[in-house]
Amino acid sequence: MKKIKVFLVDDHQLVRDGIKSLLMSSDEFEITGEACDGYEFFDKIKMVLPDIVLMDISLPKISGIELTKIIKKEYSDVKVLILSMYTNEDFIFNALKAGANGYLPKNTSKKELFEALNEISKGHVYFSEQISNIILKTYVKKAQIGETVEKNSDQLLTSREMEVLKLAVEGLSNPEIAENLCISTRTVESHKNHLMQKLELKTAIDLVRFAIKNKIIEL
């Protein structure tokens, strides 16, 4: 099995050592290098190009966000997973705008870290549930349901399902959606079940991914 090549960037040696220990406990990953700042990173990355750069935002000399921008410009195939203690919306959205492929808080579990690395290596984006909820809460008012939603013969949403989806993305509860549309809560639940099945969505994380992919929310 081909291992996922990971490069670590964090200015704390103990943090890097801890992450290395976790990743080395699995035969899925290979540590290709580590650096304490952006300058050291660029000195080393040319030696072995990694699949994923796992890094903090708070770095000396060059921030993780600026470093992400440079990586995406100079090494477009390299993916970036942010692992940070900062979970406010400004840091999250600046990282995503810079091109980060995922974002995890530093209190994440070993299981979720491995899952994130695997998903990102496959070309997917990955956010922890905490980060997903922050994204949803921040951008619910910017949700725009329309031509951006993929439409085909198997997944075409009805006008009512579109209305329910729009209100759900805006953060309304089932009773609030029912009141807005003058229908029963049970009917709302039925519509939501149907549209979730059609769009193959199961969780809030799935909804974030779908919304970003289809430009329902703009980063």
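No lab work stands behind these numbers, since they all come straight from the coordinates. Note that this is a predicted model, so its numbers are computed, not measured. When we count neighbours, we look across all protein chains shown, and the Cβ atoms used for this are built from the backbone with ideal geometry, even at glycine.
Some observations on this one:
- Across the stretch 69-82, coupling constants 3J(HN,Hα) worked out from phi with the 6.51/-1.76/1.60 Karplus curve, θ = phi - 60°, read 4, 5, 4, 5, 7, 9, 9, 4, 7, 7, 9, 10, 10, 7 Hz, and Gly and Pro carry x.
- Model label sites at residue 1 and residue 86, defined 7 Å from Cα along the beta-carbon direction, differ in position by 3.5 nm.
- Close amide H pairs (under 5 Å, H built 1.01 Å from N) link residue 5 with 30, 51, 52, residues at least 5 positions away or on another chain.
- Sorting the segments 190-196, 85-91, 29-35 by their residues' average number of neighbouring beta-carbon atoms within 10 angstrom, most packed first, yields 29-35, 190-196, 85-91.
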